[in-house]
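One structure is given below, encoded as structure tokens.
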Amino acid sequence: MKSKYYPKSDFFNADLGAYPSFTWRCIWNTQSILESRMGWRIGDDLINHEFVTWKEETLRGLFP
């Protein structure tokens, strides 16, 4: 899909384009939902705001 719909960009900056497939329209419409959820996850779960560092115990759990 990348080579067809956003060859010179990334998913979050991709345009819908002309004559998109039904599948691409459905996926493209999830951009804002995914972006808002990713920001929340990274901002609250992985960063220690008191010291502005990564929460190492959380990272270790993600990558055993």
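The values are calculated or read from the model by the stated rules, or taken from the named source; none is laboratory data. All figures in this text were calculated on a predicted structure; none of them were measured in a lab. Methodologically, a virtual Cβ is constructed for each residue, glycine included, from the backbone with ideal geometry; neighbour enumeration extends over all protein chains shown. Surface accessibility is based on the protein's heavy atoms, side chains included, excluding ligands, DNA and RNA. Shrake-Rupley method; radii C 1.70, N 1.55, O 1.52, S 1.80 Å.
For region 38-64, give me each residue that is of a type in the set (Lys, Arg), open to solvent by 70 Å² or more (accessible area, probe 1.4 Å) and at pLDDT 65 or above.
Going through region 38-64, the residues of a type in the set (Lys, Arg) turn out to be 41, 55, 60.
Applying the additional criterion that residues be open to solvent by 70 Å² or more (accessible area, probe 1.4 Å) yields 41, 60.
Arg60, the sole residue that qualifies.
Return the pairs, sorted by first residue and then second, in which the second residue is among the hydroxyl-bearing types (Ser, Thr, Tyr), the first residue lies in region 4-18 and is open to solvent by less than 70 Å² (accessible area, probe 1.4 Å), the beta carbons are less than 8 Å apart, and the residues are 6+ apart or on different chains.
So the pair list comes out as Ala14/Tyr5; Ala14/Tyr6; Gly17/Tyr5.
Of the conditions (1) open to solvent by 50 Å² or more (accessible area, probe 1.4 Å); (2) at pLDDT 80 or above; (3) of a type in the set (Ser, Thr, Tyr), Ser21 satisfies every one except a single condition; which number is it?
The number of the failed condition is (1).
When the residues of region 24-34 are filtered to those that are surrounded by 12 or more Cβ atoms within 10 Å (Cβ to Cβ) and closer than 30 Å to Gly61 by Cβ, which remaining residue is modelled with the lowest pLDDT?
Leu34
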